[in-house]
1. I'd like the antiparallel share, as a percent to the nearest 5, of DSSP beta bridges with both residues in the stretch 46-170.
2. Provide the FRET efficiency to the nearest 0.05 for the Ser45-Gln219 pair, computing r from the beta carbons and using R0 = 30 Å.
3. Could you give the length gained by full extension between Asp135 and Gln174, i.e. 0.36 nm per residue of separation minus their alpha carbon distance, to one decimal place?
4. Measuring from a point 7 Å past the Cα of Thr97 along Cα-to-C-beta, which residues in the stretch 124-166 have an amide N at less than 16 Å?
5. Within the stretch 137-157, find all residues whose amide N lies under 11 Å from a label point positioned 7 Å from the Cα of Arg121 along Cα-to-beta-carbon.
6. Students often check this: by mean Cβ neighbours within 10 Å, which of 66-77, 227-238 ranks highest, and how do the rest follow?
7. Order of 165-175, 50-60, 132-142, 104-114 by packing, highest average Cβ count within 10 Å first?
8. Below 11 angstrom from the Cβ of Glu165, what's the summed charge of the other residues (Lys, Arg +1; Asp, Glu -1)?
Amino acid sequence: MKTDPKLLIGGVILILLILGGVLWYMASNPAPEPSEFPEVPAGPSLGQSERISENGQYHEVSAEYPATTPLRASAGAEADARAVAAFRAFEERTIETFKEQSGLSTLTQEDIEMFGLGNERKYAIGIDYEMYQSDATVSYVFMIYEDTLGAHPNGYYRTFTFDLETGAGLQLSQLFAPGVDYLAVLSQKSREALYTQLGENAVSDMLEAGTTPDEDNYQNFYLEGEALVIVFAPYQVGPWAIGTQEVRIPKTELSGMLKAEYQ
């Protein structure tokens, strides 16, 4: 059977048209230069978290901590790694202490039956965090929730603050100039703010005991924007029902007390 010459010529023309179109597209859309391809980031991205999880027969653990911090960009990879290691060490110690205090390793069958322990009822600890920044610092506030099968879970805090330039961890005293009585000022301002915030729910004895000018009362703090923020955990300045309280003190009210780099 002979092929129709007209069909053969038509097929050749169609192939040439397709080939010409491909060549035109390639000429009009050259491949990008290597520099145009996105860079692959080194290490984890800011905002990512590492997890510590356990699901035991009578306990549960769910904890998170940052995989990296802004210190990587401002103070270097070593400062970032030290901060992340500190977070993990803190969480591991906290979890281990919780398990020891809950008596998980010494539970008896009588304990298990008395507390109704099992899939639906377990000792539990959860740790989450928030990040805050000022011009010179980055702070992390870790929130710890423990359910020891009492009337309600317990909650408390642990904060970390770092100098963005050096990567050094900062205690509250290191924010202030030497010799200033910053605790007396923080005590006064915290009491004034809390009485206003709580109104008729303020319990004077608890509020004033939790705001005396002692370092321990102000150990949980962070810097955000133009303010120093003090975190008061449940029970520190009032009954459980009032929950966590925060006092935000503008840096302008601490003028002359803060070191120049933290003003």
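Every number here is computed from the coordinates shown, using simple stated rules; none is lab data. On a predicted model such as this, the values are computed, not experimentally measured, just so you know. Methodologically, a virtual Cβ is constructed for each residue, glycine included, from the backbone with ideal geometry; neighbour enumeration extends over all protein chains shown.
1. Working: 29 of 34 bridges.
Counting only bridges with both partners in the stretch 46-170, antiparallel ones make up about 85 percent.
2. Working: r = 31 Å, r/R0 = 1.03.
Efficiency, rounded to the nearest 0.05: 0.45.
3. Details: separation 39, 0.36 × 39 = 14.04 nm, distance 1.61 nm.
Here the segment from Asp135 to Gln174 would lengthen by 12.4 nm.
4. Only 125-128, 142-148, 154-160 pass the distance filter.
5. 149-150
6. Details: 66-77: 18.5, 227-238: 20.3.
The most tightly packed comes first, giving 227-238, 66-77.
7. Working: 165-175: 15.5, 50-60: 13.3, 132-142: 18.6, 104-114: 10.8.
Most protected by this proxy first, the peptides run 132-142, 165-175, 50-60, 104-114.
8. With Lys, Arg at +1 and Asp, Glu at -1, the net is -3.
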